[in-house]
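The values are calculated or read from the model by the stated rules, or taken from the named source; none is laboratory data. No experiment lies behind these values; they were computed from the predicted model shown. Note that we place each Cβ from the backbone using ideal geometry, even for glycine, and neighbour counts take in every protein chain shown. Calculation scope for accessible area: heavy atoms of the full protein, side chains included, ligands and nucleic acids excluded. Shrake-Rupley method; radii C 1.70, N 1.55, O 1.52, S 1.80 Å.
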Amino acid sequence: MAINWRSAFQTSAAVLSLVIILKELHGLLTRDTTKDKLTLLPPRTRGVESLIGNTPLIEIKSLSKFTGCKIYAKLELTNPAGSAKDRVALAIIRNAESEGRLVPHQGNIIYEGTSGSTGISFAVLANALGYIAHICLPDDTSPEKLSLLTALGAEIEPVKPASIVDPNQYTNAARRGADEVNAKGENKAIFADQFENDFNWRIHYNTTGPEIVEQMGEHIDVFINGSGTGGTIAGVGRYLKEVQGQDTRIILADPQGSGLANRVNFGVMYDSVEREGTRRRHQVDTLVEGIGLNRLTWNFKQGEKFIDEAIRVTDSQALKMAKYLCINDGLFWGSSSAINCVAAVKTALKYGPGQRIVVIACDSGARHLSKFWKEATKIPNDVTLDEILAE
């Protein structure tokens with residue numbers, strides 16, 4: 001019988017083609033498609049308030065390489081209003097709404113005393129949720145923050161820098177403003193009171209801490225942050241101690257002029273620059289805005305017993321670290337973030353290689369151009385970590 005070679009060839013080609021197609025299909029079905037994705041995209045959401053939290057965690061490559069540890073930063077500066085204060089502002093607003101003290105689009109006013117970032121968070125959320133933000137702040141707050149608050153439409157009340165015992169201090173001015181509005185019988189204002197509001201530390205305990213644990217996926221040896229209101233270090237520190245165990249070290253990074261480091265290390269709220277005749281009246285002696293106090297807030301006290309030690313960082317070290325991170329890692333961060341990173345390097349070298357350290361990247365350097373970064377730009381581009389540590 002004669003063989004139809006043409007038909008046989010076509011049949012073989014068809015079978016071969018089918019085999020190739022099946023193999024390709026099998027490869028598509030079994031391939032790890034996560035490697036093909038350019039990024040992990042968050043789900044679709046509604047409203048600016050839905051973007052708060054779930055911030056990225058990145059490794060700071062230059063610091064890890066220098067220390068032999070893994071040093072990571074939780075990027076709270078990626079919150080929609082640019083700082084960790086977004087979490088606190090939203091928590092305070094939602095609580096006031098649940099109690100009927102705030103009702104959207106009824107002319108309700110949120111009064112707050114702040115050095116800047118919390119005010120910006122309240123201003124953004126007030127716009128988004130239907131309120132008016134009235135912000136009392138020191139009149140020496142960086143022009144960038146003042147300009148941003150103005151652009152956001154907040155009511156701004158600058159006051160002279162003063163100690164908390166002064167009735168005109170910015171926190172007291174905000175409390176008084178809310179009381180005066182409510183005294184008229186309108187009951188239209190709340191005083192947010194970030195320093196003493198219990199929802200401050202709790203939102204970090206309930207969200208920031210769990211996020212860090214999930215993102216790390218392994219034991220965290222050290223967590224480092226400064227203290228403004230004390231809410232972040234109290235909430236995260238407390239959560240990590242309870243979930244990760246007591247061998248997770250919680251370290252306070254404190255600027256010069258603040259008494260908190262001595263409070264943690266020696267039980268005494270005192271700093272050498274507070275000597276009579278050496279301290280600028282009514283404020284902490286530092287270029288750093290947002291952290292460092294000479295009093296104990298309610299929020300700080302909720303986490304104080306979980307803090308293992310404190311590391312003092314000078315303005316000079318913070319300036320140099322900010323410049324170093326910008327030049328070597330492309331990270332343009334603010335002063336408090338730089339202080340956290342100085343403390344992270346000191347901690348890594350003190351306790352040895354192999355540690356997993358997490359710091360908070362609080363806000364962008366864009367909010368500190370005219371004060372902190374005006375000085376930081378004077379630092380040479382080739383500044384080294386050894387120079388920073390030598391001070």
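What net charge is computed for the residues neighbouring residue 154, neighbours being all others with C-beta under 13 Å from the C-beta of residue 154, Lys and Arg scored +1, Asp and Glu -1?
It works out to a net charge of -2.
How big is the charge dipole of segment 330-391 about its Cα centre, in debye rounded to the nearest 20, if each Lys and Arg gets +1 on its Cβ and each Asp and Glu gets -1 on its Cβ?
It works out to roughly 220 debye.
Which stretch or stretches of segment 196-230 have amide N atoms under 19 Å from the point lying 7 Å from residue 45's Cα along the Cα→Cβ direction?
Those under the cut-off are 200, 202-216.
How big is the gap, in Å, between the Cα center of segment 173-201 and the Cα center of segment 56-126?
Computed from Cα coordinates, the inter-centre distance equals 19 Å.
Under a straight-distance cross-link criterion of Cα-Cα below 14 Å, which aspartates and glutamates are reachable from residue 301, leaving out those fewer than 8 residues away in the same chain?
Output for residue 301: 196, 198.
Using the Cα centre of segment 84-191 as the reference point, and only Cβ charges (+1 on K/R, -1 on D/E), how large is the resulting charge dipole? Debye, rounded to the nearest 20.
In debye, rounded to 20, segment 84-191 gives about 200.
Using only Cα atoms and rounding to the nearest 10 degrees, what angle (0 to 90) does helix 5-30 make with the longest principal axis of the chain?
20
Give me the number: length gained by fully extending residue 366 to residue 382, i.e. 0.36 nm times residue separation minus the C-alpha to C-alpha distance, one decimal in nm.
Stretched out fully, the residue 366 to residue 382 stretch lengthens by 3.6 nm.
Round to the nearest 10 and give me the degree value, 0 to 90, for the angle of helix 335-351's Cα axis relative to the longest principal axis of the chain.
70
Within segment 187-206, list the residues whose amide N lies under 11 Å from a label point set 7 Å along Cα→Cβ of residue 99.
190-193, 197-199
Give the angle, between 0 and 90 degrees and rounded to the nearest 10, that separates the Cα long axis of helix 85-98 from the longest principal axis of the Cα atoms of the chain.
Once rounded, the angle reads 80 degrees.
Based solely on its DSSP helices, what 222 nm [θ] is calculated for the chain when runs of n ≥ 4 H residues each add -39,500 (n - 2.57) and the sum is averaged over all residues, nearest 500 deg cm²/dmol?
Computed mean residue ellipticity for the chain: -12500 deg cm²/dmol.
Please sort by residue number the GluC sites (Glu not before Pro) in segment 153-192 whose DSSP state is loop and whose Cβ has at most 14 other Cβ atoms within 10 Å.
Here the sparse-neighbourhood loop sites are 186.
Treating only the Cβ atoms of Lys and Arg (+1) and Asp and Glu (-1) as charged, compute the dipole magnitude of the chain about its Cα centre; round to the nearest 20 debye.
780
Past the 22 Å Cα-Cα mark, which pairs from 74/378; 61/305; 70/350; 323/371; 74/346?
Table pairs above 22 Å Cα-Cα are 74/378; 61/305.
Just subtract the alpha-carbon distance of residue 349 and residue 327 from 0.36 nm times their residue separation and send over the number in nm, one decimal.
5.7 nm
Heavy-atom accessible area of residue 364 with all protein chains present, probe 1.4 Å, nearest 10 Å²?
Rounded to the nearest 10, the figure is 40 Å².
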